[in-house]
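A short reminder: the numbers here are calculations on the coordinates, not readings from a lab. Note that this is a predicted model, so its numbers are computed, not measured. Note that we place each Cβ from the backbone using ideal geometry, even for glycine, and neighbour counts take in every protein chain shown.
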Amino acid sequence: MSQRTFSIIKPDAVGKGHTAAILADIAAAGFKIVAIKRISISKAQAEGFYAVHAARPFFAGLTEFMSSGPIFPMVLEKENAIADLRKLMGATDPAKAEAGTIRKKYAESIGENAIHGSDAEDTAAFEIGYFFAGIELK
Ligand code: CDP
Ligand code: MG
C-alpha cells in the first residue's frame with residue numbers, strides 16, 4: 001500500500017547546489033513528490049521540529065544548522081516510503097553510509113548530512129503536519 005513520508009533537503013546541500021541532483025535521485029527511486037517548498041526557518045521553529053532530540057548534546061548545533069539557510073521540506077509517496085527513503089539516504093554519518101546513498105554522495109559530516117527522513121509512521125505524520133497544511137497535501 002502507498003505510504004507517505006517527510007523529508008528535508010538540509011541547508012548544507014541546498015547551499016552547495018545539490019537540490020536538483022537529490023530530487024533526481026529521489027524521483028529515480030520511485031517516489032512521487034506530493035508537496036515541496038523552499039523556506040528558511042527560525043531556531044525556535046527548528047527546535048520545535050527536533051523536540052524529540054532536545055536532551056541530546058548535538059541539539060543546539062543541529063537547530064543552529066537547520067536555521068542557517070534555506071531548506072526544502074517535502075512530502076514523498078510510494079510503497080514502503082518510510083523505510084525506502086531511509087535506505088536511499090544512507091547512515092546518519094556519511095562516512096558510514098553505503099555507496100550510492102544521498103548522504104554518501106552529498107554530505108560532509110554527521111551534523112551536516114544533506115537530508116532528513118522520517119523514521120516511523122507517527123513521526124512522519126507529526127513532521128508532515130509541522131510543515132504543510134492539509135490543503136497542500138491533496
Ligand atoms: O537524521 P537521522 O534520523 O539519520 O539521525 P538522528 O539520530 O535522528 O539525528 C538527527 C540529526 O541530528 C542528524 O541527521 C544530524 O543532522 C544530527 N546529529 C548530529 O549533529 N550529531 C550526532 N551525533 C547525531 C545526529
Ligand atoms: Mg532521525
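For S67, are the conditions met, namely being in contact (Cβ under 8 Å) with a residue 24 or more places away in the chain, surrounded by fewer than 19 Cβ atoms within 10 Å (Cβ to Cβ), in contact with a Pro (Cβ under 7 Å, 6 or more places away or on another chain) and of a type in the set (S, T, N, Q)? In short, no.
Checked against (1) in contact with a His (Cβ under 6 Å, 6 or more places away or on another chain); (2) surrounded by fewer than 17 Cβ atoms within 10 Å (Cβ to Cβ); (3) not hydrophobic (A, V, I, L, M, F, W, C), E121 meets all criteria but (1). When I110, I115 are checked against the criterion of being over 13 Å from the mean Cα position of the chain (by Cα) and either within 18 Å of P11 (Cβ to Cβ) or surrounded by 14 or more Cβ atoms within 10 Å (Cβ to Cβ) (or both), I110 stands alone in meeting it. The residues of region 31-86 that are away from ligand 1 (no atom under 13 Å from the Cβ), assigned to a helix (DSSP H, G or I) and not acidic (D, E), listed by number, are K43, A44, Q45, G48, A81.
Annotation: of all residues in region 75-107 being of a type in the set (A, V, I, L, M) and loosely packed, with under 15 Cβ neighbours inside 10 Å, the one that is farthest from ligand 2 (Cβ to nearest atom) is A99. Answer yes if at least one residue in region 29-40 is surrounded by 14 or more Cβ atoms within 10 Å (Cβ to Cβ) and more than 21 Å from A125 (Cβ to Cβ), and no otherwise. Checking region 29-40: at least one residue is surrounded by 14 or more Cβ atoms within 10 Å (Cβ to Cβ) and more than 21 Å from A125 (Cβ to Cβ).
If a residue must be in contact (Cβ under 8 Å) with a residue 60 or more places away in the chain and assigned to a helix (DSSP H, G or I), how many such residues does region 11-30 contain? Looking only at that region, the number is 7. R56 meets the conditions (1) within 14 Å of ligand 2 (Cβ to nearest atom); (2) basic (K, R); (3) crowded, with 17+ Cβ neighbours inside 10 Å in every case but one. The failed one is (3).
What are the pairs with Cβ atoms under 8 angstrom where one residue, in region 114-125, is farther than 22 Å from K104 by Cα and the other, located anywhere, is near ligand 1 (Cβ under 9 Å from one of its atoms) and part of a loop (DSSP other than H, G, I, E, B)? Sequence gap at least six, or different chains. What qualifies is A124/S118. Taken over region 114-133, the criterion of being within 15 Å of ligand 1 (Cβ to nearest atom) and not in a helix (DSSP H, G or I) is satisfied by A114, I115, H116, G117, S118, D119, A120.
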